[in-house]
Amino acid sequence: GRDIPGGATAFNEVQLPLPGIPLASNIGFRILGASADDRLGSSVSAAGDVNNDGIDDIIVGAYVTNYSGFVDAGMTYVLFGRSPATQGSHPFGDIQTPTLTMPANVGFRILGAADNDYSGWSVSGAGDVNGDGIDDIIVGAYNANPVSGNEAGISYVIFGRDIPG
């Protein structure tokens with residue numbers, strides 16, 4: 001690496017593969033959007049251990065996803081971390097985000113509630129908000145229309161729970 005003022009060291013460069021060429025599973029993996037213009041990856045965050053299996057998870061937003069007749073409702077994906085011993089039939093490699101179903105041992109989706117909500121615009125791990133010992137997440141839908149007013153926005157806190165893998 002190269003030196004950075006303050007004594008830190010950085011990688012010189014990480015070369016990503018060209019589009020359509022998967023990453024080698026010992027380097028990492030890609031998460032692919034389900035449809036054109038989903039904007040998957042517009043927000044990404046460490047989620048903590050949402051499924052309480054001892055391995056941290058990630059959360060990825062796709063705020064302009066369309067599904068089931070909803071336009072730009074948005075969608076958020078929580079993808080469970082895995083170790084080589086627990087990855088089972090879904091080893092790390094390219095993960096194609098689905099529009100309708102997602103294997104329970106891979107993660108789960110959070111769907112925007114209405115047209116133009118832009119749910120998933122912001123996502124984050126929230127720590128253990130409810131004190132049950134399992135990490136929780138927060139998802140922002142900045143254009144949602146709650147009772148308090150048009151386009152006032154909504155933030156959803158979703159509690160983590162034991163999810164058998």
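Pick from the range 124-165 the residues that are at positive phi and outside any strand (DSSP E or B): which of them is surrounded by the most Cβ atoms within 10 Å (Cβ to Cβ)? If you could, list the steps in order and put the result at the bottom.
As a first pass, look at the range 124-165 and keep what is at positive phi: 127, 131, 133, 149, 151, 153.
With the extra rule that they be outside any strand (DSSP E or B), the set shrinks to 131, 133, 149, 151, 153.
Numbers: GLY131: 7, GLY133: 9, GLY149: 8, GLU151: 12, GLY153: 17.
Among them, the one singled out is GLY153.
In this structure, does ASN105 turn out to be of a type in the set (S, T, N, Q), modelled with pLDDT of 95 or more and farther than 17 Å from ALA34 by Cβ? Break it down into steps so the answer makes sense when it comes.
Details: of a type in the set (S, T, N, Q): yes; modelled with pLDDT of 95 or more: no; farther than 17 Å from ALA34 by Cβ: yes.
It is false that ASN105 is of a type in the set (S, T, N, Q), modelled with pLDDT of 95 or more and farther than 17 Å from ALA34 by Cβ.
In the range 27-55, what count of residues is obtained for those that are in contact (Cβ under 8 Å) with a residue 40 or more places away in the chain and either within 25 Å of GLY127 (Cβ to Cβ) or assigned to a strand (DSSP E or B) (or both)?
The total comes to 15.
Say whether the condition of being touching a Phe, Trp or Tyr at 6+ places or on another chain (Cβ under 7 Å) and aromatic (Phe, Trp, Tyr) is met by at least one residue in the range 142-152. Let's see the steps before the verdict.
At the first step, the residues of the range 142-152 found to be touching a Phe, Trp or Tyr at 6+ places or on another chain (Cβ under 7 Å) are 142-143.
Subsequent filtering for residues that are aromatic (Phe, Trp, Tyr) retains 142.
Yes, because at least one residue in the range 142-152 is touching a Phe, Trp or Tyr at 6+ places or on another chain (Cβ under 7 Å) and aromatic (Phe, Trp, Tyr).
The values are calculated or read from the model by the stated rules, or taken from the named source; none is laboratory data. Since the model is a prediction, treat every value here as computed from it, not as a measurement. When we count neighbours, we look across all protein chains shown, and the Cβ atoms used for this are built from the backbone with ideal geometry, even at glycine.
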